[in-house]
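Trainee: Would you mind keeping the following structure in view while I ask a few things?
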Amino acid sequence: MRRLFRKPPDQSLSPPQHIAIIMDGNGRWAKRRGLPRTAGHAAGAEAFRRIANYCRTLGVRYLTVYAFSTENWKRSQGEIGGIMTLLRRYLEEALRDMEKNQVHFVFFGDLSRLSPELQALCRDAETRSRVYSQVQVNFCLNYGGRDELVQAARRFAQDVSLGRKTPEELDETLFAQYLYSAGVPDPELIIRPSGEQRISNFLLWQSAYAEYVFMDVLWPDFGPRELDEAIAQFHRRNRRFGGVK
Ligand code: IPE
Ligand code: IPE
Ligand code: MG
């Protein structure tokens with residue numbers, strides 16, 4: 001029999017404590033409408049606002065979003081400029097509405113390649129939002145999973161050369177402290193909208209046992225209903241972590 005009504009999500013299932021999202025599909029969304037790619041990024045920023053609010057309602061503790069990768073510099077100057085302008089506007093707004101949103105912002109990525117103005121906004125957002133402990137949004141900007149691992153290895157090697165650490169001490173727990181995500185539990189669920197089924201250099205270390213949910217919707221069209229669906233899929237998975245259930 002054809003199901004006429006969508007089954008509502010099971011409210012008794014608690015959401016994962018950490019959800020990560022590859023916010024992909026902005027360009028295609030714009031192209032389908034005959035709009036410039038930047039219009040897609042603006043719509044993507046709206047989708048992010050919606051989802052961050054919804055995550056807070058659901059009680060998700062950590063939300064990590066992929067906003068700009070170390071590879072995205074390959075795009076045209078026009079598109080990059082458009083994305084940076086949107087970022088600046090978003091951060092200014094986030095700083096203004098900090099008390100209303102109650103979100104702790106943390107940035108993952110090599111911020112040194114961003115404009116001094118953007119870097120200052122990121123630092124301000126991070127320090128001024130530290131007091132909010134309900135939801136933490138990890139914003140991945142000029143982020144690459146490989147870059148994160150290389151930077152971590154370099155910083156550990158520096159600690160060894162300064163005599164602060166020995167190679168023998170290094171284990172998974174210690175190494176994780178050198179990553180951007182130090183202190184943040186690994187994501188249980190990683191969502192990629194847009195129909196692509198790849199990682200694109202996202203959270204290579206942290207995703208070791210994450211459940212991936214790939215969805216056909218483009219990011220600007222992603223809303224609470226899609227997040228409910230991804231969480232429902234997550235709850236249907238059988239997570240074994242290498243053991244037997
Ligand atoms: C994701 O959307 C945003 C960034 C990578 C900055 P895209 O711009 O990659 O959108 P598509 O994949 O071209 O549709
Ligand atoms: C991944 O999307 C990066 C972000 C969403 C920020 P891309 O659109 O850059 O990834 P590819 O090129 O399709 O792998
Ligand atoms: Mg893309």
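Trainee: If I ask for residues that are part of a loop (DSSP other than H, G, I, E, B), in contact with a Leu (Cβ under 9 Å, 6 or more places away or on another chain) and within 14 Å of ligand 1 (Cβ to nearest atom), which ones from region 169-206 would you list?
Mentor: P193, S194, G195
Trainee: Scan region 192-199 and tell me whether some residue there is among the polar types (S, T, N, Q) and under 22 Å from G40 (Cα atoms). Spell out how you get there, then give the answer.
Mentor: First pass over region 192-199, keeping only residues among the polar types (S, T, N, Q): 194, 197.
Cutting the leftovers down to under 22 Å from G40 (Cα atoms) gives us 194, 197.
Taking every residue of region 192-199 in turn, at least one turns out to be among the polar types (S, T, N, Q) and under 22 Å from G40 (Cα atoms).
Trainee: State all residues of region 59-73 that are touching a helix residue (DSSP H, G or I) at 6+ places or on another chain (Cβ under 9 Å), open to solvent by 20 Å² or more (accessible area, probe 1.4 Å) and either near ligand 2 (Cβ under 9 Å from one of its atoms) or in a helix (DSSP H, G or I) (or both); if no residue qualifies, say none.
Mentor: If the condition is that a residue be touching a helix residue (DSSP H, G or I) at 6+ places or on another chain (Cβ under 9 Å), open to solvent by 20 Å² or more (accessible area, probe 1.4 Å) and either near ligand 2 (Cβ under 9 Å from one of its atoms) or in a helix (DSSP H, G or I) (or both), then A67, N72, W73 are the ones that fit.
Trainee: Kindly check whether there is at least one residue in region 37-58 that is in a loop (DSSP other than H, G, I, E, B), surrounded by fewer than 17 Cβ atoms within 10 Å (Cβ to Cβ) and modelled with pLDDT of 95 or more. Full working, then the answer.
Mentor: First pass over region 37-58, keeping only residues in a loop (DSSP other than H, G, I, E, B): none.
No, that holds for no residue.
Trainee: When region 141-165 is examined, which residues are found to be without any contact (Cβ under 8 Å) to a residue 12 or more places away in the chain, open to solvent by less than 60 Å² (accessible area, probe 1.4 Å) and outside any helix (DSSP H, G or I)?
Mentor: K165
Trainee: Which of the residues spanning region 17-39 are away from ligand 2 (no atom under 16 Å from the Cβ) and in contact with a Phe, Trp or Tyr (Cβ under 8 Å, 6 or more places away or on another chain)?
Mentor: Correct list: Q17, H18.
Trainee: Let me ask another. Looking only at region 74-114, filter to residues that are within 16 Å of ligand 3 (Cβ to nearest atom) and part of a helix (DSSP H, G or I); which one of those is surrounded by the fewest Cβ atoms within 10 Å (Cβ to Cβ)? Give the steps one after another, and end with the answer.
Mentor: So the first thing to find is which residues in region 74-114 are within 16 Å of ligand 3 (Cβ to nearest atom), and the list is 74-76, 79-80, 82-83, 86.
Checking the rest, the ones that are also part of a helix (DSSP H, G or I) come to 74, 79-80, 82-83, 86.
Working: K74: 8, E79: 17, I80: 14, G82: 19, I83: 22, L86: 16.
Filtering region 74-114 for residues that are within 16 Å of ligand 3 (Cβ to nearest atom) and part of a helix (DSSP H, G or I), the one surrounded by the fewest Cβ atoms within 10 Å (Cβ to Cβ) comes out as K74.
Trainee: Which ones in region 33-57 are over 18 Å from Y143 (Cα atoms) and either without any contact (Cβ under 8 Å) to a residue 60 or more places away in the chain or polar (S, T, N, Q) (or both)?
Mentor: R33, G34, L35, P36, R37, T38, A39, A42, R49, N53, T57
Trainee: Looking at (1) in a helix (DSSP H, G or I); (2) at pLDDT below 95, which is the one condition that is false for E117?
Mentor: The one condition E117 does not meet is (2).
Trainee: Right, next: Looking at R96, R61, R37, can you tell me which residue is closer than 25 Å to F234 by Cα and among the basic types (K, R)? Before you say what the answer is, go through the steps one by one.
Mentor: Numbers: R96 fails: closer than 25 Å to F234 by Cα; R37 fails: closer than 25 Å to F234 by Cα.
Just a single option satisfies the conditions, and that option is R61.
Trainee: For region 202-219, how many residues are among the polar types (S, T, N, Q) and buried (at least 19 other Cβ atoms within 10 Å of the Cβ)? Explain how you work it out, then say what you get.
Mentor: Initially, region 202-219 is screened for residues among the polar types (S, T, N, Q), giving 206-207.
Cutting the leftovers down to buried (at least 19 other Cβ atoms within 10 Å of the Cβ) gives us 206.
Going through region 202-219 one residue at a time, the tally reaches 1.
Trainee: Please state which of the following conditions A230 fails to meet, knowing it meets all the rest: (1) free of Cβ contacts under 8 Å to residues at least 40 places away in the same chain; (2) part of a helix (DSSP H, G or I).
Mentor: So the condition that A230 fails would be (1).
Trainee: Go over the candidates E196, E211 one by one and state the one that is modelled with pLDDT of 95 or more, of a type in the set (D, E) and within 16 Å of ligand 2 (Cβ to nearest atom).
Mentor: E196
Each row is one residue, and each column tells you yes or no for (1) within 25 Å of L86 (Cβ to Cβ); (2) within 13 Å of the chain's Cα centre (by Cα); (3) away from ligand 2 (no atom under 16 Å from the Cβ); (4) not β-branched (V, I, T).
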position: L141; (1), (2), (3), (4): yes, yes, no, yes
position: E169; (1), (2), (3), (4): no, no, yes, yes
position: P187; (1), (2), (3), (4): yes, yes, no, yes
position: M215; (1), (2), (3), (4): yes, no, no, yes
position: L218; (1), (2), (3), (4): yes, no, no, yes
position: F222; (1), (2), (3), (4): yes, no, no, yes
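Trainee: Just give me the residues in region 120-138 being open to solvent by 10 Å² or more (accessible area, probe 1.4 Å) and at pLDDT 95 or above, in sequence order.
Mentor: A120, L121, R123, D124, E126, T127, R128, R130, V131, Y132, Q136
The values are calculated or read from the model by the stated rules, or taken from the named source; none is laboratory data. In this text the structure is predicted, and so the values were computed from the model without any measurement. When we count neighbours, we look across all protein chains shown, and the Cβ atoms used for this are built from the backbone with ideal geometry, even at glycine. Heavy atoms of the whole protein, side chains included, go into the accessibility calculation; ligands, DNA and RNA do not. Shrake-Rupley method; radii C 1.70, N 1.55, O 1.52, S 1.80 Å.
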